[in-house]
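The values are calculated or read from the model by the stated rules, or taken from the named source; none is laboratory data. What you see is a predicted model, and the numbers here were worked out from it, not measured in a lab. All Cβ positions, even for glycine, are placed from backbone atoms using ideal geometry, and neighbour counts span all protein chains on display.
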């Protein structure tokens, strides 16, 4: 199939292929093997690709192949695409040069092919449990490849009952282990999880208490939290819907409802600037004197999301 | 050097090695090569490792080696460590079983060694431009390996001057290209960058205007934004310190100060639920009727960070 050169939706459309994976047998040893790639304009065999929204093309490898055949296929593809970028740039003044990323998604079981891509100039963009994403930038100009995920997101849950008792836990592991420190339930918000859902889920998981999300009271941003990534930690208020505690066995040493004053008097809280602020914020909130950000489901043309804002002030 | 078995700071300490990399020659072909690993208790050669805070051990490969030698070294290391985990679990009841991750950091130029690790059961944890991080979990119990970074962080900058004109741009690329839409300057907050610094930097870069950060007015969380990751987008108010516009050539088609009413009347804004909310929030803020979250630098025992909260309500 020949590549079709067309400008579409503001980005360069290379090939009119639908989304599909490269399917190659382990015995394929030539880049002219018709199952190993696609014949581009001018008879060069190139990797079959799908376009992304940012002017890039992606190929996902799904079957084993000989690394040297893969190497040859990358070379011919890059040569062909480089020529196309150059000719497009000169024909269409509205096509910005320097906007052409090539992505290769390698499943874990085909990691033996990564070396060939690296030797052809690819570098790593990101990896998840079962795949490695490699990327290459064709144009001479500096790349505009979108950056990898940069932040981990965590929550701390402030759950206070009608007796002014706060829900606290002691953890079995981590840096506070064995120090007798009572702290708010905390947890990680995973990709695909809303902050409010993650908070409710974490409290339930660690303590067995059912809650309703109220507000984000504050958030903290820190850096170099984990493998050089940054961290956003949201302090959330939740309203208890049940009181019975059923502490999780694997992570939690103990959980209890503790009088608020007793919690705040812990040296661990008093000697910790961040926790002193958090305590003051939570106290103000419990007294009805503080407004945080409340989530509201809102839609945008291409996606759903939650907007967190000061709903009291917007009335 | 023999491994020292000791419990320290609440996690298992395997070897008393300082932080260092494995240094092996390409010719090393045996796991008993003294430069290829360390002799553990009982005479087994294992990978030299450093401990992390979470009870894991990490090895960083820095020199080429034969993949089969690497494979043998992984096998002997895992066997030795598995025995240690089992014996530690039975000797020390306070040592939680099921808490032993093994990390291998492979630089890009040594990606040929990844296949050996995958064959021994390792999977991918994350990757950055120049390395791939593989991980393995020794105990039988489910892993508690920390998750990869989950979110990208972006900002939209609301910059309004004394004439009630807002700073807006038209972008050269992206989904709004060529549609005549005027929008707030937006950008990505990278790892290691504070939201307030990123906002000021982005406005300067796109428009040439100097600003001072005021507040986070709201934030939106969405999912599946990019390679399955989630997205946190912070709407920030900034105060202009200069008025002269100098639009960035590569990304920005045009930039201007636009009367606020003219901005809000754009069909693009009117037909977009999220933007309608954002516009209402910005209007309320411009009128002094809305309070967002202001950053304050606060310290915690082990790190510096910025806490963003409603400072007006905490007075």
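Annotations
- Residue count for region B:106-119, restricted to those that are more than 7 Å from chain A (Cβ to nearest Cβ), touching a helix residue (DSSP H, G or I) at 6+ places or on another chain (Cβ under 8 Å) and surrounded by 18 or more Cβ atoms within 10 Å (Cβ to Cβ): 4
- Annotation: of all residues in region B:284-293 being out of contact with any strand residue (DSSP E or B) (no Cβ under 6 Å at 6 or more places or on another chain) and surrounded by fewer than 17 Cβ atoms within 10 Å (Cβ to Cβ), the one that is nearest to residue B:183 (Cα to Cα) is B:287.
- The set of residues from region B:223-241 being farther than 29 Å from residue A:304 by Cα and either touching a residue at least 40 places away in the same chain (Cβ under 8 Å) or surrounded by 20 or more Cβ atoms within 10 Å (Cβ to Cβ) (or both) comprises B:239, B:240.
- Assessment of region B:242-253 against the conditions (within 8 Å of chain A (Cβ to nearest Cβ), touching a strand residue (DSSP E or B) at 6+ places or on another chain (Cβ under 9 Å) and surrounded by fewer than 16 Cβ atoms within 10 Å (Cβ to Cβ)) yields no matching residue.
- Candidate set from region B:135-157 (those that are more than 7 Å from chain A (Cβ to nearest Cβ), closer than 26 Å to residue B:224 by Cβ and assigned to a strand (DSSP E or B)); member that is farthest from the chain's Cα centre (by Cα): B:157
- Taking region A:205-222 as the range and being surrounded by 18 or more Cβ atoms within 10 Å (Cβ to Cβ) and either free of Cβ contacts under 8 Å to residues at least 60 places away in the same chain or under 26 Å from residue A:147 (Cα atoms) (or both) as the test, the residues that pass are A:206, A:207, A:209, A:211, A:219, A:220, A:221, A:222.
- Subset of region B:294-303 [more than 7 Å from chain A (Cβ to nearest Cβ) and surrounded by 15 or more Cβ atoms within 10 Å (Cβ to Cβ)]: B:294, B:295, B:296
- Residue match in region A:220-229 (condition: over 17 Å from the mean Cα position of the chain (by Cα), at pLDDT 95 or above and not in a loop (DSSP other than H, G, I, E, B)): yes
- Here residue B:234 does not fit the description of being under 25 Å from residue A:149 (Cα atoms), more than 10 Å from chain A (Cβ to nearest Cβ), in contact with a helix residue (DSSP H, G or I) (Cβ under 6 Å, 6 or more places away or on another chain) and not in a loop (DSSP other than H, G, I, E, B).
- Matching option when the condition is out of contact with any helix residue (DSSP H, G or I) (no Cβ under 9 Å at 6 or more places or on another chain) and either at pLDDT 95 or above or farther than 24 Å from residue A:216 by Cα (or both), among B:262, B:251: B:262
- Restricting attention to region A:254-276, the residues being surrounded by fewer than 19 Cβ atoms within 10 Å (Cβ to Cβ), facing chain B (nearest Cβ under 8 Å) and part of a helix (DSSP H, G or I) number 1.
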